[in-house]
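Working notes, structure below.
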Amino acid sequence: GCVLVVSVIEQLAQWHNSTVKAAMERLCNYIPGKYQVLCHMLVLLTAKKMNADVVCHSLKLCKQDPGQPLCHLYRPPKRKKHSPGLFYALAHARPNHQILSKSFMGFSSICAFPLLANLCEKIQYVLRNKLPFEDFDGDKFSTFPTLRGYHWRGRDCNDKNTTVYPGRRPDNWDAKFDSNCNGIWGVDPKDGIPYEEKFCKGADSKGVVLLGDSAGAHFHIPPEWMTVTQMSAKSFANLPMAFSDELDWPQFSEITGFLNSTIGGWTDSLYLRLRKRNHCNHRDLQNISQNGGSSGNLLDLIKSLARNQLLDNPAIVIYATIGNDVCNGNRDTLAHMTTPKEMLSNVVQALRYLDSRLPNGSHVILTGLVDGRFLWDNLHDRYHPLGQLNRDVTYSQIYSFLDCLQVSPCSGWLTANETLRNLTSERALQLSNVLKEIARSEKFANFDVFYMDFPLRQTAEEWRKMGGEPWQLIEPVDGFHPSQIAAALGTSITWQKALHEWPQVLGKENPFNGQIEAIFKDQGGH
């Protein structure tokens with residue numbers, strides 16, 4: 001984190017031909033509200049002309065454990081006559097930063113900064129419970145967007161009544177109030193029949209639930225946060241929202257997205273297509289994903305599912321942990337990957353839990369793991385956003401830096417070691433075959449099970465036909481997650497497969513959609 005921030009400051013000074021102090025003030029003014037406190041505390045960081053590695057190591061925000069390599073992103077600085085590297089630079093830098101270093105060491109974490117403590121407390125609550133922070137009636141749905149609110153689950157329409165929430169079957173056909181929050185309630189004055197009964201009875205309404213990882217939650221760090229040629233106050237306007245959503249953007253995601261994308265590309269999601277097919281499905285969505293989600297920790301995450309077997313509509317559940325069962329940041333990465341035996345146990349346990357919670361008539365789709373060799377093949381020699389100004393930081397360097405720090409999102413794929421990349425893909429294929437066999441052989445009382453490969457190859461082919469390049473399907477900052485374009489194209493491929501192979505999953509098209517739209521329009525809604 002320190003290296004990223006200091007790099008941006010140095011590049012801002014270069015781009016605007018200003019002093020480092022002026023660049024620091026400029027960055028602080030870009031950042032909204034209370035977040036500026038962190039900025040102003042860092043003003044002294046780059047008082048002397050040193051690269052980001054030197055600054056952050058000298059402040060001891062980056063450290064070197066005994067026996068471990070000295071991690072750095074940039075090439076070590078040179079002396080005039082010799083090239084002793086980073087060690088020499090550090091020895092001369094540390095006295096200058098000794099006092100500031102002590103002041104930083106007084107904070108155990110970023111959450112120890114007074115003005116951020118309250119936000120951190122809220123984020124820690126949702127990370128611990130995976131439930132909305134603002135949920136007054138305790139039904140697991142919220143009227144607040146972030147902190148696991150309605151960006152993640154359908155928006156509650158009455159947060160003071162625990163029997164009112166998205167996805168339930170209507171109470172008395174919603175003649176008097178909207179019990180399932182789909183916007184359809186009341187009685188048609190022409191014939192006295194409740195609108196919900198008239199338009200939604202027998203319509204095969206169903207919700208969509210994602211059980212997933214950071215790809216499903218749609219992890220995204222805006223590239224304009226670290227691309228100085230694009231940087232302005234507008235760049236950081238979404239910073240508070242992004243932090244409150246754990247740097248995830250589920251409202252634009254492939255499975256549960258429902259808002260027009262503001263992070264590039266466009267939004268197309270399984271939820272939007274189900275809602276278009278049947279307007280009675282409005283707001284019936286749940287994105288139960290987390291950064292780092294795997295088949296193992298999903299067994300805990302799944303308990304935050306909100307579905308009543310007796311009162312609610314069936315659901316389509318997408319089970320998609322596409323990488324973390326083979327991805328980790330450990331040096332001996334292969335030893336820390338999920339084994340086929342563990343995968344079988346984890347997924348069957350999750351399905352048994354779903355069988356005890358999902359209404360009869362639901363469906364579960366198991367998604368195979370991705371072949372992550374695509375990442376290195378398409379990005380390693382390209383310049384990262386941090387390296388575009390001076391053409392000095394490639395994705396290969398970013399991957400090596402993260403691997404050295406042992407915080408790589410995937411040591412097995414984000415590496416120059418081709419053998420290791422192949423072994424990681426081999427394990428991913430083994431785990432996908434486990435999922436395929438589960439779908440073929442396991443039976444459950446309340447849902448059927450289907451399997452589909454993660455459609456990366458088809459997505460890349462479709463994007464090429466549209467004139468795009470494969471690297472554009474990957475998030476530019478982390479160089480790891482699917483981009484907004486990949487998410488939208490993936491939706492189209494999944495939908496077409498379901499239409500042709502599993503039409504019963506999607507349900508039939510509601511013939512009353514036009515009438516529902518007309519009534520909403522007459523009442524001033526949309």
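The values are calculated or read from the model by the stated rules, or taken from the named source; none is laboratory data. Note that the structure is predicted; figures quoted are calculated from it, not measured. Quick reminder, even Gly has a Cβ in these numbers, built from the backbone with ideal geometry, and neighbours come from all protein chains shown. Just the protein is used for accessible areas: all its heavy atoms, side chains included, with ligands, DNA and RNA removed. Shrake-Rupley method; radii C 1.70, N 1.55, O 1.52, S 1.80 Å.
Per-structure values
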| quantity | calculated |
| --- | --- |
| Accessible surface, per residue, of the chain when the full set of protein chains is kept, probe 1.4 Å, Å² | 46 |
| Segment ASN297-LYS60, extension gain: residue separation times 0.36 nm, minus the distance between their alpha carbons | 82.1 nm |
| Acute angle (nearest 10 degrees) that the helix 117-129 long axis makes with the longest principal axis of the chain, alpha-carbon atoms | 50 |
| Overall form of the stretch 214-301 per C-alpha gyration tensor (a/c, 1.5; a/b vs b/c) | oblate |
| Helix-only CD estimate at 222 nm, as mean residue ellipticity for the chain, using -39500 (n - 2.57) per DSSP H run (n ≥ 4) | -11000 deg cm²/dmol |
| Two-decimal Rg/Rh across the stretch 207-513, once Rg and the Kirkwood Rh are taken from alpha-carbon atoms | 0.96 |
| Rounded to 10°, Cα long-axis angle of helix 2-15 versus longest principal axis of the chain | 70 |
| Reachable aspartates and glutamates, given that their alpha-carbon falls under 17 Å from the alpha-carbon of LYS234 and they are not under 8 places away in the same chain | GLU25, GLU224 |
| Spin-label pair GLN496/ASN129, simplified geometry with 7 Å Cα→Cβ offset, distance in nm | 4.4 |
| Gained length - GLN349 relative to ARG457, 0.36 nm times residue gap less alpha-carbon distance | 35.9 nm |
| Estimated inter-spin distance, LEU423 and LYS190, nm [label 7 Å along Cα→Cβ] | 7.0 |
| Rounded Å value of the spacing that divides the Cα centres of the stretch 405-460 and the stretch 318-377 | 7 |
| Surface accessible to a 1.4 Å probe, VAL449 within the full protein complex, Å² | 20 |
| With every protein chain in place, the chain: carbon and sulfur % of accessible area (1.4 Å) | 53 |
| Cα-based shape type of the chain, given that a ≥ b ≥ c are square roots of the gyration tensor eigenvalues and the cut on a/c is 1.5 | prolate |
| Cβ-defined net charge surrounding LEU73, 11 Å radius [Lys, Arg +1; Asp, Glu -1] | -1 |
| Rounded to 10°, Cα long-axis angle of helix 456-465 versus longest principal axis of the chain | 80 |
| Alpha-carbon centroid distance for the pair the stretch 465-505 / the stretch 179-245, whole angstrom | 19 |
| Dipole magnitude (debye, nearest 20) for the stretch 207-513, charges at Cβ of Lys, Arg, Asp, Glu | 700 |
| Estimated distance in nm for a label pair at THR162 and GLU437, the labels positioned 7 Å out from Cα along Cα-to-Cβ | 4.3 |
| Rounded to 5, the percent of DSSP beta bridges in the chain classed as antiparallel | 20 |
| Of LYS130/LYS436; LYS443/LYS508; LYS140/LYS160, those spanning more than 19 Å from alpha-carbon to alpha-carbon | LYS130/LYS436; LYS443/LYS508 |
